[in-house]
1. Note the per residue figure in Å³ for the convex hull of the C-alpha positions in the range 3-154.
2. Using each residue's phi in the range 81-88, evaluate 6.51 cos²θ - 1.76 cosθ + 1.60 at θ = phi - 60° and report the 3J(HN,Hα) Karplus result to the nearest Hz, with x for Gly and Pro.
3. Please go through the range 1-80 and write out the trypsin sites (Lys or Arg not before Pro) that DSSP classes as loop and that have at most 13 other C-beta atoms within 10 Å.
4. Can you list the GluC sites (Glu not before Pro) in the range 1-80 that are in a DSSP coil and have 11 or fewer other beta carbons within 10 angstrom?
5. Would you kindly derive the ³J(HN,Hα) couplings of the range 164-174 from the backbone phi angles with the Karplus curve 6.51 cos²θ - 1.76 cosθ + 1.60 (θ = phi - 60°), listing them in order in whole Hz, with x for Gly and Pro?
6. At a 1.4 Å probe, what is the % contribution of carbon and sulfur to the accessible area of the range 72-113?
7. Can you give the net charge of the other residues whose Cβ lies under 13 Å from the Cβ of ALA9, counting K and R as +1 and D and E as -1?
8. Hey, what's the Cα Rg ratio for the range 69-174 versus the globular rule of thumb, 2.2 N^0.38 Å?
Amino acid sequence: MEFRDLVKARCSIRAFQNKEIPSDKLQAILEAIRLAPSAKNLQSLEVVLVKQKETIKKLAATTLKPQPFIADANLILVFFANPKRIAENSDKRGIELYPIQDATVAITQAHLAAANEGLGSVWIGSFAEAKVREILQASPRLRPIAMLPVGYPDTKPIYQERRPLNDIIHNEKI
Ligand SMILES: Cc1cc2nc3c(=O)[nH]c(=O)nc-3n(C[C@H](O)[C@H](O)[C@H](O)COP(=O)(O)O)c2cc1C
């Protein structure tokens with residue numbers, strides 16, 4: 001899809017069909033993650049690919065408020081910040097900030113790549129971090145940043161209002 005069209009077409013999808021994701025589409029999403037920019041190209045992120053239904057159900061139960069649609073996804077990508085990869089190459093600010101930004105930009109690329117493949121996904125940022133770590137046996141040094149349930153949409157796109165450009169963009173100063 002043309003990039004401008006993709007940016008307009010993308011929206012959060014919160015209902016999924018029970019239909020397997022073809023491996024070429026999954027590969028396209030994973031490659032978008034791999035090619036994401038990162039601070040100093042240190043790629044301070046880790047991504048766990050979850051396909052097992054039992055684990056998907058457990059992850060769906062970690063949200064702070066109920067979001068049961070997550071359990072219907074056939075795939076969840078869980079993005080972690082990994083400060084260890086940047087520790088020797090950055091100051092305190094960089095160690096705190098860059099792994100989170102590295103994970104965040106990769107999530108964005110995965111979310112857009114899914115839409116480009118005709119798949120739906122939604123950024124899940126509200127969850128109990130300790131529970132996610134426990135389910136995926138992640139080291140305490142890894143911080144879960146977001147989960148991305150992915151699947152074939154079982155709903156029409158719903159487009160949310162945005163602030164007008166002149167409210168967000170400030171010319172030369174703010
Ligand atoms: C940091 C972040 C956290 C989010 N957390 C959740 C979440 O926990 N559950 C959810 O359903 N959507 C979540 N979303 C999706 C937003 O609700 C959604 O992007 C926003 O309402 C705009 O709608 P759109 O994506 O359809 O354009 C999150 C998005 C971001 C960027």
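The values are calculated or read from the model by the stated rules, or taken from the named source; none is laboratory data. All values reported here derive from a predicted model rather than from experimental measurement. Every residue, glycine as well, gets a Cβ built from its backbone with ideal geometry; the counts of neighbours run over all protein chains shown. Surface areas here come from the heavy atoms of the whole protein model, side chains and all, with no ligands, DNA or RNA. Shrake-Rupley method; radii C 1.70, N 1.55, O 1.52, S 1.80 Å.
1. Working: hull volume 16.7 nm³, N = 152.
For the range 3-154, the hull spanned by Cα atoms encloses 110 Å³ per residue.
2. Computed from phi, the couplings for the range 81-88 are 7, 10, x, 4, 5, 10, 3, 7 Hz.
3. Passing sites in the range 1-80 are LYS19, LYS51.
4. Passing sites in the range 1-80 are GLU2.
5. x, 3, 6, 8, 8, 8, 10, 7, 6, 8, 10
6. Ligands and nucleic acids excluded, carbon and sulfur reach 49 percent.
7. Values: positive: ARG4, LYS8, ARG10, LYS156; negative: GLU2, ASP5, GLU117.
Overall, the nearby charge balance is +1.
8. Output field value: 1.30.
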